[in-house]
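Take this structure, written in structure tokens, and hold onto it; I'll ask about it next.
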Amino acid sequence: MISKILKLGTVMAISFLVSSCSSGKGANSLMRMFSGNPERTITVAIKDGTAKQLKNSWDKKAFSACGSAYTVVNLGTAVSTAGGHNSLSGTISCN
């Protein structure tokens, strides 16, 4: 009885891994987690800057984190913090 439960659990785990790895388009897919280029969260904050300056700063930091081209997985909206700072955070995947 226990061996049947273990076999069923093993089959379910393998099918979960195969289905997760074959659909590599999800933001948190297992394929990205185990790849050589995992997702990275990039956050920048500048004082009294415009939205364009904030986005340019975020782009520069994302490019330097990858060292090459990157794909934006999720980009948040600009948030004003205490002290006049504007913050932008997002997730990237290096190419």
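Out of the residues in the range 35-48 that are surrounded by 11 or more Cβ atoms within 10 Å (Cβ to Cβ) and over 14 Å from Gly90 (Cα atoms), which is modelled with the lowest pLDDT?
Ser35
Please go through the range 49-76 and give me each residue that is modelled with pLDDT of 85 or more, outside any helix (DSSP H, G or I) and open to solvent by 60 Å² or more (accessible area, probe 1.4 Å), ordered by number.
Result: Thr71, Val72, Asn74, Leu75.
The values are calculated or read from the model by the stated rules, or taken from the named source; none is laboratory data. Worth saying up front: this structure is predicted, and the values here are computed from it rather than measured. A quick note on method: Cβ atoms are made from the backbone with ideal geometry, for glycine too, and the neighbour counts reach across all protein chains shown. Please note that ligands, DNA and RNA were not included when accessible areas were found on the heavy atoms of the full protein model with its side chains. Shrake-Rupley method; radii C 1.70, N 1.55, O 1.52, S 1.80 Å.
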